[in-house]
Amino acid sequence: MTARVGIVKDERYLGHMPGHTHPEHPLRLKTVYRMVEKEFSDDLVSIEPEPATLEQLEFVHSTVYIQKVMKTADHDFTSLAPDTPASAGTYLASWLAAGGCIKGLDAMVLDVCDICFALIRPPGHHALADRAAGFCVFNNLGITARYAMKVHQMSRILIVDWDVHHGNGLNDLFYAEREVLYLSTHDTGLYPYSGEWVETGKGPGEGYTINIPIPRTLTDDDFCALYRGILAPVITGYSPELILVAAGFDAHRDDPIGRCRLTEKAFGVLTRLLLDLRLHIPVPPVLFALEGGYDPRSLSRSVREVLMAMSGRQASEMFPAGASGRAEELIGKARRIHDRYGIWTDVR
């Protein structure tokens, strides 16, 4: 049966204006929205976002910081962080970004759709409790995970972060908790220069953070083989009640920041892999939230591949027949580091 795919999109996300030369420009989302309207307008369940409430934002962020973001509405230009400028429209867009993810989760829980893609901005995985960072204002998926715990009583949440930059905000937020398993592949030579192999969690959360630094020379087949080798045992061993995907597309070969070798096809294959693997456990809702990707055209093509995979329209492309030598090496290292915890490495 074809999955019902929810989509969160809203023109108000374009009101966040960090500047004409800033990589996180509204043109990113404009280009994606045009593609969605042209190719998927009849296939998606539209989900209208609402701003997150103050209480929901405080699941993650300090009251002082939230007030600082609110005050940006009074000025044409504000600097929330050296790399994160704000405009008068940033306040509403940021509240809607977090709220859009929450609305997407609720839509799946209420059986309005089966899976959902929140096409939002500004992004969120770098945002910290008390400050903006890395183009991110609020930690959209962090807030959503906390909401899932508090409102829907979920206690096993998997966050998959395939953005080329390490999601340090997500990493730090759940580092000492077992209720969230955070899996990230990233280039440690790029901002925020964190996410080393040995950062695996602490206290009750020890072993529930999987950081996999990757070389930027990985091909599509390498990348998909790596994810197949890690995701399959993680999903089986952890059996998440909810899967959140920090869907950044800056590992695309055309991205001006990521400087990697992936094409848009890799993201479609990863999406199909993830959706297939979840069928082996009590089927959890899956929410994708847009993170990075700074070349509008390759971003649009990548989002298209994800939506094609979600809606069952993806061409019948084969997964790599076997893990490449580079993928095998990365999988083996991750297993050796995490063997002591036994959370997923016992699954073959």
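Quick notes on this structure:
- Selection status of Arg301, out of contact with any Phe, Trp or Tyr (no Cβ under 7 Å at 6 or more places or on another chain) and surrounded by fewer than 18 Cβ atoms within 10 Å (Cβ to Cβ): no
- Of the criteria (1) of a type in the set (D, E, K, R); (2) modelled with pLDDT of 95 or more; (3) not in a helix (DSSP H, G or I), which one Arg313 fails: (2)
- Selection count where residues are part of a helix (DSSP H, G or I), aliphatic (A, V, I, L, M) and more than 19 Å from the chain's Cα centre (by Cα), scope the range 15-31: 1
- Of the residues Ile337, Ile343, the single one that is outside any loop (DSSP other than H, G, I, E, B) and either within 16 Å of the chain's Cα centre (by Cα) or of a type in the set (A, V, I, L, M, F, W, C) (or both) is Ile337.
- Residue match in the range 76-87 (condition: surrounded by fewer than 22 Cβ atoms within 10 Å (Cβ to Cβ), in contact (Cβ under 8 Å) with a residue 40 or more places away in the chain and of a type in the set (S, T, N, Q)): yes
- Only one of the listed residues (Ala266, Ala246) is in contact with an Asp or Glu (Cβ under 6 Å, 6 or more places away or on another chain), touching a residue at least 40 places away in the same chain (Cβ under 8 Å) and closer than 16 Å to Leu141 by Cβ. That residue is Ala246.
- Taking the criterion of being assigned to a strand (DSSP E or B) and over 17 Å from Ser311 (Cα atoms), the only residue of the range 279-295 that qualifies is Leu290.
- Test: Ala93 is in contact (Cβ under 8 Å) with a residue 24 or more places away in the chain, touching a Lys or Arg at 6+ places or on another chain (Cβ under 7 Å), buried (at least 22 other Cβ atoms within 10 Å of the Cβ) and of a type outside the set (S, T, N, Q): yes
- Unique match (being in contact with a strand residue (DSSP E or B) (Cβ under 9 Å, 6 or more places away or on another chain) and farther than 30 Å from Pro204 by Cβ) among Gly258, Gly248: Gly258
- Meets criteria (over 19 Å from the mean Cα position of the chain (by Cα), crowded, with 23+ Cβ neighbours inside 10 Å and at negative phi) for Leu218: yes
- The conditions of being over 17 Å from Arg131 (Cα atoms) and of a type in the set (Ser, Thr, Tyr) are not met by Tyr65.
- Residues in the range 131-183 that are small (Gly, Ala, Ser) and without any contact (Cβ under 8 Å) to a residue 40 or more places away in the chain: 1 in all.
- Of all positions in the range 112-125, none carries a residue that is in contact with a Ser or Thr (Cβ under 6 Å, 6 or more places away or on another chain) and hydrophobic (A, V, I, L, M, F, W, C).
- The set of residues in the range 1-19 that are out of contact with any Lys or Arg (no Cβ under 7 Å at 6 or more places or on another chain) and either crowded, with 18+ Cβ neighbours inside 10 Å or within 25 Å of Leu80 (Cα to Cα) (or both) comprises Arg4, Val5, Gly6, Ile7, Lys9, Asp10, Glu11, Arg12, Gly15, Met17, Pro18, Gly19.
- In the set Arg121, Arg131, only one residue is over 21 Å from Leu274 (Cα atoms), surrounded by 24 or more Cβ atoms within 10 Å (Cβ to Cβ) and charged (D, E, K, R); that residue is Arg121.
- Number of residues in the range 248-263 that are more than 16 Å from the chain's Cα centre (by Cα) and not in a loop (DSSP other than H, G, I, E, B) equals 1.
- Filter pass, Ser184 being out of contact with any Leu (no Cβ under 7 Å at 6 or more places or on another chain), at pLDDT 95 or above, over 19 Å from Ile7 (Cα atoms) and part of a loop (DSSP other than H, G, I, E, B): no
The values are calculated or read from the model by the stated rules, or taken from the named source; none is laboratory data. Please read all numbers here as calculations on a predicted model, not as lab measurements. We place every Cβ from the backbone using ideal geometry, glycine too, and count neighbours over all the protein chains shown.
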